[in-house]
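Student: Below you'll find the structure I mean.
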Amino acid sequence: MRSFFSKITVFAIILCSTYLTSCKVGMTSESRGKPQEALLQFIQTQTEYRDGVEVTIDNNTPFIAKVDKQKKMGVRGNVYTIPVGRHWITVKSEGNTIIKKEIFTSSQETKQISLP
């Protein structure tokens, strides 16, 4: 009789440990990195460009970007998402080219373009 209870106890322990360590269906985990994007911000010490500036990146369709005022404590304001890498940027105001240069951006970098 004693060996019978020993066998049942061993079987119960194996059954419980199998149940407790088995995989649960429907439970998944996921990890993601940060997106491969960079940010552009246009800044100026004065507020000369109140209506914004026309920005063209890599000869794509131009868009109007707002210009943020640079302060002593840093800059907060409007940012524009672009892909990481090398880009040609042209900034115009009232038809006049203000800046035309090549920039390089890294992932999650905020590139500040200082306007004259």
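Student: Work out from phi, with θ = phi - 60° and the Karplus expression 6.51 cos²θ - 1.76 cosθ + 1.60, the ³J(HN,Hα) of each residue of the stretch 91-105, listed in order in whole Hz, and give x for Gly and Pro.
Tutor: Running phi through 6.51 cos²θ - 1.76 cosθ + 1.60 with θ = phi - 60° gives 10, 10, 9, 6, x, 9, 6, 8, 9, 9, 7, 9, 10, 10, 10 Hz.
Student: Quick check on my link table: of Lys34/Lys71; Lys34/Lys101; Lys34/Lys111, which ones sit more than 24 Å apart, alpha carbon to alpha carbon? Can you show the working numbers first?
Tutor: On the way: Lys34/Lys71 29 Å; Lys34/Lys101 27 Å; Lys34/Lys111 17 Å.
Exceeds cut-off: Lys34/Lys71; Lys34/Lys101.
Student: Rounded to a whole number, what % of the accessible area of the stretch 56-116 do carbon and sulfur atoms account for, probe 1.4 Å?
Tutor: Details: 2040 of 4380 Å².
Taking all protein chains in place, the stretch 56-116 shows 47 percent carbon and sulfur surface.
Student: What does the net charge come to around Glu48 if you take all other residues with beta carbon closer than 12 Å to its beta carbon, with K and R at +1 and D and E at -1? Write down the numbers at each step before the final one.
Tutor: Numbers: positive: Arg50, Lys69; negative: Asp51, Glu94.
Residues near Glu48 contribute 0 overall.
Student: A follow-up question, please. Per 10 Å bin, what percent of the C-alpha pairs of the stretch 53-116 does each bin hold, from zero upward?
Tutor: 19, 54, 26, 1
Student: Name the residues whose placed amide hydrogens come within less than 5 Å of the amide hydrogen of Gln108, ignoring near sequence neighbours (fewer than 5 apart) on the same chain.
Tutor: Answer set, sorted by chain and number: Glu37, Ala38.
The values are calculated or read from the model by the stated rules, or taken from the named source; none is laboratory data. In this text the structure is predicted, and so the values were computed from the model without any measurement. Because the Cβ atoms are built from the backbone with ideal geometry, glycine has one as well, and the counts that use them run over all protein chains shown. Only protein heavy atoms, including side chains, enter the accessible area calculation; ligands, DNA and RNA are left aside. Shrake-Rupley method; radii C 1.70, N 1.55, O 1.52, S 1.80 Å.
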